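Novice: Let me give you the structure first, and then I'll get to my questions.
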Amino acid sequence: MAAFSDLTEARVLNWFRGVAMPAPPAAVFLALLSADSDDGNTVTEATAAVRPAGRVAVTFGAVEPDTVDAARQRIRNTAAVDFGVAAGAATLTHVGFYDALSGGALLAHGAVTGAPRTIQAGDPVVFPVGELALALG
């Protein structure tokens, strides 16, 4: 399950106080991480080792009931997130959702199923449709 970053949490909580929510990001990008985040921008990103071109955009579908916990709502990726064939080796434990292709702000992060995943140069790195989910509840 993914956790929201401090930034995303503050934006939601400020909304309850009457502070306008910032405009949504033009796109959300997935980063490969070799350790969990501290809920801020302190991460150990492994994306460049796997895909020198950087993070990959994620497209989310409509809000839907979570099939694991009916009390939660979730969104899932509606297209495969394909990093291509790994350029180099990396150990993948988590992913991060960012508002920019590089740099930018961490919006959410979570553990990868079956972590740690060892990626070798030449391995395909793809997250199939529906594998990435963000939930609230």
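The values are calculated or read from the model by the stated rules, or taken from the named source; none is laboratory data. For clarity, every value in this text was computed on a predicted model and none was experimentally measured. FYI the Cβ positions are ideal-geometry reconstructions off the backbone, even for glycines, and counts take in every protein chain you see.
Novice: Name the single residue, out of those in region 114-125 being out of contact with any helix residue (DSSP H, G or I) (no Cβ under 9 Å at 6 or more places or on another chain) and surrounded by 13 or more Cβ atoms within 10 Å (Cβ to Cβ), that is nearest to Ala2 (Cα to Cα).
Specialist: Among those residues, the one meeting the criterion is Ala115.
Novice: Test of understanding: among Val95, Val126, which residue is at pLDDT 95 or above and in contact with an Asp or Glu (Cβ under 9 Å, 6 or more places away or on another chain)?
Specialist: When all the criteria are applied, what remains is Val126.
Novice: In the list Gly110, Gly84, which residue meets the criterion of being within 26 Å of Ala26 (Cα to Cα) and at pLDDT 95 or above? Please lay out each step first, then the result.
Specialist: On the way: Gly110 fails: at pLDDT 95 or above.
Just one listed residue meets the conditions, Gly84.
Novice: Moving on to the next point. Could you please give the count of residues in region 58-99 that are touching a residue at least 40 places away in the same chain (Cβ under 8 Å) and either under 16 Å from the mean Cα position of the chain (by Cα) or under 21 Å from Glu45 (Cβ atoms) (or both)?
Specialist: 25
Novice: Starting from residues that are of a type in the set (Gly, Ala, Ser) and in contact with a strand residue (DSSP E or B) (Cβ under 7 Å, 6 or more places away or on another chain), keep the ones in region 1-24 and report whichever is modelled with the lowest pLDDT.
Specialist: Ala2
Novice: Contact list please: Cβ distance under 9 Å, first residue in region 106-126 and acidic (Asp, Glu), second residue surrounded by 15 or more Cβ atoms within 10 Å (Cβ to Cβ) and outside any strand (DSSP E or B), pairs at least six apart or on different chains.
Specialist: Cβ pairs passing all conditions: Asp123/Val50; Asp123/Ala86.
Novice: Could you list, in sequence order, all residues of region 1-25 that are assigned to a loop (DSSP other than H, G, I, E, B) and either surrounded by 18 or more Cβ atoms within 10 Å (Cβ to Cβ) or free of Cβ contacts under 8 Å to residues at least 24 places away in the same chain (or both)?
Specialist: Step one: list which residues in region 1-25 are assigned to a loop (DSSP other than H, G, I, E, B), which gives 1, 5, 17-25.
If the condition is that a residue be assigned to a loop (DSSP other than H, G, I, E, B) and either surrounded by 18 or more Cβ atoms within 10 Å (Cβ to Cβ) or free of Cβ contacts under 8 Å to residues at least 24 places away in the same chain (or both), then Ser5, Arg17, Gly18, Val19, Ala20, Met21, Pro22, Ala23, Pro24 are the ones that fit.
Novice: Look through region 27-57, keep the residues that are surrounded by fewer than 16 Cβ atoms within 10 Å (Cβ to Cβ), of a type in the set (A, V, I, L, M, F, W, C) and touching a residue at least 24 places away in the same chain (Cβ under 8 Å), and return whichever of them is farthest from Gly122 (Cα to Cα).
Specialist: Among residues in region 27-57 that are surrounded by fewer than 16 Cβ atoms within 10 Å (Cβ to Cβ), of a type in the set (A, V, I, L, M, F, W, C) and touching a residue at least 24 places away in the same chain (Cβ under 8 Å), the one farthest from Gly122 (Cα to Cα) is Ala27.
Novice: Output the number of residues of region 9-40 satisfying the condition of being within 13 Å of the chain's Cα centre (by Cα) and under 15 Å from Asp99 (Cα atoms).
Specialist: 7
Novice: Just checking: which of the strands (runs of 3 or more DSSP E) contained wholly in region 36-137 hold 2 or more residues that are basic (Lys, Arg)?
Specialist: 73-76
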